[in-house]
Amino acid sequence: MGTADVEAVWRIESARIVAALTRFTGDFGLAEDAAQEAVAEALVSWRRALPANPAGWLMATARRRAIDAIRRRSALRERYALLAVDSAVGWAASSVLDEDVDPDRIDDDVLALMFVSCHPVLSPEARVALTLRVVAGLSSEEIARAFLVPVPTVQARITRAKKTIAAARVPFELPPAAERRERLGGVLSVLYVIFTEGSTATSGDRLLRPDVAYEAIRLARTLAALAPDEPEAHGLLALCELTAARFPARTGPDGSPVLLEDQDRRRWDISAIRRGLAALGRAASTRGLGPYGLQAAIAATHASAPSVEATDWDRIVVLYEALGRVAPSPVVDLNRAVAVAMASGPAPALAIVDELIAANRLPGSHLVPTVRGELLARLGRRPEARAELELAARLCANQPERSVLLRKAATLG
């Protein structure tokens, strides 16, 4: 078994292993370190012989590494004595971990791990880094590559996050039901940030980072399975699935962006659309749709349309208006302007964009001049449109997007 195989097993099992070790030791940082040591040992040991149960091997090895670490801590000798005793509970549990790991079992330990990683004592950047590291199983190098930051920056964020959690004495447990509902939004927002970065990279030379987006989808599936009565967990999953369904058609062979109106919809992932629609149905079956559910409903309207012209733009406008009421933001207003332009023409849409500019609600964003340039072009105001698109290109940090903007501007010369 090679390095890629070990990494694949780790990616699937890491959350469960770290969660079980955290519950076992009561030390979040120790659990993550012990799990990483187990992976390092697997890279050597599995070359000689593959264990019958790779997940169980990793769990047992990580557990031994945790016990060794506790033994080395003289201040925790009493805890080590409790952990190391050959009791029916301790070693019987170890035997279960060694021999009877169910790869399809998902328990509340993983959900607790998500809530710990996304605890409000951490900064948003730390929550994202820690979630990708301990819940998704990504390395510091992978996280750094995904968000285009130096590896030491990621490592520092993770180290500070673990120290902050330890200093705040954050318990490894699911919060009470009422608190869990309050903090669910934080967990969902972290997964949304991760998916959004994979869906449209904020900077760099690639439009998409599918590996990052698919990790977010995997975590969203886990959350939805563990919180089946939370409609927004299903709403976020639906939004991610329906958005990712368009990935195969969003870029050309050279990686250049393909706009929605030019996409070959036959390349859209039908299975992902079906999964997204099913998740949206579950989100709508309990209470009214929340912000993620409404965004998923917009994505579903696109997914069900045979073409841009045949899209129900009036419905999308209504959905954006509803989204603006429950989760107001300038980005929602800007997207509503795009939908209004498709439903009613560019003039009323331009009025919405100009209101955003007058209120200075998205300063420095390339999105506003992008949309304004498109609307001005449709109104025949070509010199103004070109100036706006050139401004958008200067503000855009994503190279493929910038190239598209410059090409559009050139056609308006």
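Structural remarks
- Residue-level analysis places Pro346 outside the set of residues that are surrounded by fewer than 20 Cβ atoms within 10 Å (Cβ to Cβ) and either within 29 Å of Gly185 (Cα to Cα) or modelled with pLDDT of 95 or more (or both).
- Pairs meeting the criteria (first residue in segment 341-370 and in a loop (DSSP other than H, G, I, E, B), second residue surrounded by 13 or more Cβ atoms within 10 Å (Cβ to Cβ) and not hydrophobic (A, V, I, L, M, F, W, C), beta carbons under 6 Å, at least 6 apart or on different chains) are Arg361/Pro330; Leu362/Pro330.
- Looking across segment 167-222, the residues that are within 20 Å of Arg282 (Cα to Cα) and either assigned to a loop (DSSP other than H, G, I, E, B) or of a type in the set (Val, Ile, Thr) (or both) come down to Val187, Ile217, Thr222.
- Checking each residue in segment 26-42 for being within 18 Å of His119 (Cβ to Cβ) and either in a helix (DSSP H, G or I) or among the charged types (D, E, K, R) (or both) picks out Asp27, Phe28, Gly29, Leu30, Ala31, Glu32.
- Per the listing Ala296, Ala278, Ala305, the residue uniquely assigned to a helix (DSSP H, G or I), surrounded by 15 or more Cβ atoms within 10 Å (Cβ to Cβ) and out of contact with any Lys or Arg (no Cβ under 6 Å at 6 or more places or on another chain) is Ala296.
- Taken over segment 126-179, the criterion of being among the charged types (D, E, K, R), over 21 Å from Arg218 (Cβ atoms) and either under 16 Å from the mean Cα position of the chain (by Cα) or at pLDDT below 85 (or both) is satisfied by Glu173, Glu179.
- Residue in segment 143-156 that is touching a Lys or Arg at 6+ places or on another chain (Cβ under 6 Å) and more than 24 Å from Glu13 (Cβ to Cβ) present: no
- Considering residues of segment 141-182 that are open to solvent by less than 10 Å² (accessible area, probe 1.4 Å) and without any contact (Cβ under 8 Å) to a residue 60 or more places away in the chain only, the residue farthest from Arg209 (Cα to Cα): Ala161
- For segment 241-270, a residue qualifies if it is open to solvent by less than 60 Å² (accessible area, probe 1.4 Å), in a helix (DSSP H, G or I) and either over 30 Å from Thr222 (Cα atoms) or out of contact with any strand residue (DSSP E or B) (no Cβ under 7 Å at 6 or more places or on another chain) (or both), and the qualifying residues are Glu241, Leu242, Thr243, Ala244, Phe247, Pro248, Ala249, Leu260, Arg265.
The values are calculated or read from the model by the stated rules, or taken from the named source; none is laboratory data. Note that the structure is a prediction, hence the values are computed from the model and not measured. All Cβ positions, even for glycine, are placed from backbone atoms using ideal geometry, and neighbour counts span all protein chains on display. For the accessible areas, the whole protein counts, side chains as well, though only heavy atoms, and no ligand, DNA or RNA atoms are used. Shrake-Rupley method; radii C 1.70, N 1.55, O 1.52, S 1.80 Å.
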